[in-house]
Amino acid sequence: MRHRNCRCIRGPHAARGFTLLEILIVVVIIGILGAVIVPNLLSRPGQARVTAAESDIRSLSNALDIYRLDNFNYPSTDQGLDALVAQPSGFPEARNWNPEGYIKKLPEDPWGSHYVYERDGPISFVLFSLGADGNEGGDGVNADIRLADL
């Protein structure tokens, strides 16, 4: 038995659309979500770049450690990080350098600058990014990102 006010589908092609009120409610909800979420997402690119730099620095450090295992020394400051991609010349000699290299390509930091590498002893080195401003020091995203601090 059917009631007169029932919204039952009548036939195979009958369709019920959305009312204007339902569409307006959805648009308002999307607007509210956008107003809350978008500012949070737009404030995060700096932190995402810092995280990417930290990841790169860890990867470069691991590649440098493998280089040292093969060659008994880290590359000199003059040989630099390029020693991870191409066999270096000069002292210390890389006698057991891996012909495939230690990384495929030398990365730039997320702000388009080179990572800074300095060998500060026979078994130690300093590795860092100068941050967003490209200068030593700074705060927030402008701060240096050092391996020693990770």
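The values are calculated or read from the model by the stated rules, or taken from the named source; none is laboratory data. Please read these numbers as outputs of a predicted model, since none were measured by experiment. Don't worry about glycine lacking a Cβ; one is built from the backbone with ideal geometry, like all the others, and counts go over all protein chains shown. The protein model used for the area step is the full one, side chains on, heavy atoms only, and it has no ligands, DNA or RNA in it. Shrake-Rupley method; radii C 1.70, N 1.55, O 1.52, S 1.80 Å.
Structural remarks
- The residue that is modelled with the highest pLDDT, counting only those in the range 18-60 that are closer than 28 Å to Leu147 by Cα and not in a helix (DSSP H, G or I), is Arg44.
The rows are residues; the columns are (1) open to solvent by less than 80 Å² (accessible area, probe 1.4 Å); (2) not aliphatic (A, V, I, L, M).
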| position | (1), (2) |
| --- | --- |
| Leu64 | yes, no |
| Asn73 | yes, yes |
| Asp78 | no, yes |
| Ala83 | yes, no |
| Gly101 | yes, yes |
| Asp109 | yes, yes |
| Gly112 | yes, yes |
| Arg119 | yes, yes |
| Ile123 | no, no |
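- Criterion applied to Val50, Val26, Val36 was being in contact with a Gly (Cβ under 9 Å, 6 or more places away or on another chain), of a type in the set (Val, Ile, Thr) and farther than 16 Å from Pro122 by Cα, and the one residue passing it is Val50.
- Pairing residues of the range 59-70 that are closer than 10 Å to Leu84 by Cβ and touching a residue at least 40 places away in the same chain (Cβ under 8 Å) with residues that are in a helix (DSSP H, G or I) and open to solvent by less than 10 Å² (accessible area, probe 1.4 Å), at Cβ distances under 8 Å and at least 6 apart in sequence or on separate chains, gives Leu60/Leu84; Ala63/Leu84; Leu64/Leu84.
- Taking each residue of the range 78-97 that is more than 18 Å from Ser129 (Cα to Cα) and looking for partners that are aromatic (Phe, Trp, Tyr) and in a loop (DSSP other than H, G, I, E, B) with beta-carbon atoms closer than 6 Å, six or more apart or interchain, yields Gln87/Trp97.
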